[in-house]
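These notes are about the structure you will find just below.
The values are calculated or read from the model by the stated rules, or taken from the named source; none is laboratory data. Being a predicted model, the structure only gives us computed values, none of them experimental. Side chains included, ligands, DNA and RNA excluded: accessible areas come from the protein's heavy atoms. Shrake-Rupley method; radii C 1.70, N 1.55, O 1.52, S 1.80 Å.
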Amino acid sequence: MRVYVPLTLHGLAEAHKTGELGPGPLTAYAVTPALREWYLSDDIEELEYAALNRAALASLRQIATDPGATRRRVVVAADVPDGAAVADPDRGLDPAALGEVRIAAAVPLAKAAAVHVDADDAEADVSAAADALGAADQGDDDAQFVVDGAEDHELLWYATQEIPNLIG
């Protein structure tokens with residue numbers, strides 16, 4: 001199963017140093033039944049893109065809670081055994097938990113398929129979105145517009161061999 005693990009650049013550096021995403025349990029995002037139902041598509045590429053975007057929002061949340069974090073969202077796409085990623089049935093239809101899965105143990109970085117990271121030119125919008133996230137969560141439409149501005153930036157795809165260049 002393909003999962004999307006939200007991180008910060010510091011978290012990616014730590015994973016590179018230790019050779020694993022973790023320790024467990026990890027929160028990640030994947031194509032879950034609830035995500036399929038919400039997205040209304042059978043196209044696996046579209047569904048995986050939706051899961052990637054959910055992970056990018058979770059990365060933004062991590063950035064918002066860490067004032068020292070570089071203002072670039074990071075998502076690692078990794079492959080785990082099908083039974084390793086479990087959706088919480090009690091939160092399945094909670095809009096905040098769409099696509100969310102838990103992975104009990106650390107994931108070896110060798111299982112990563114790719115890394116997705118914001119370009120440098122997204123930093124100002126990601127920073128503004130991180131600052132506005134709390135107000136957006138409280139229903140502030142103007143703040144939500146700012147958060148959506150970060151989502152307008154496509155995450156760039158990097159091979160796992162490029163991680164040293166991303167964190168260096």
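The residues of the chain expose on average 52 square angstrom of accessible surface per residue, using a 1.4 Å probe on protein heavy atoms.
Please state the shape class of the stretch 84-146: rounded when a/c is under 1.5, otherwise prolate if a/b exceeds b/c and oblate if not, all from the C-alpha gyration tensor.
Numbers: a/c = 3.59, a/b = 1.30, b/c = 2.76.
Note, shape of the stretch 84-146 comes out oblate.
I need the shape label for the stretch 43-168. Rule: rounded when a/c is under 1.5, else prolate if a/b > b/c, else oblate, with a, b, c from the alpha carbon gyration tensor. In terms of gyration-tensor shape, oblate. Sorting E37, E46, E100 on solvent-accessible area from highest to lowest, probe radius 1.4 Å, gives E37, E46, E100. Element breakdown for the chain at a 1.4 angstrom probe: carbon and sulfur atoms account for 52% of the accessible area. Amide H contacts under 5 Å for L156: V117, D118, A119, restricted to partners 5 or more places along the chain or on a different chain, H placed in the peptide plane at 1.01 Å from N.
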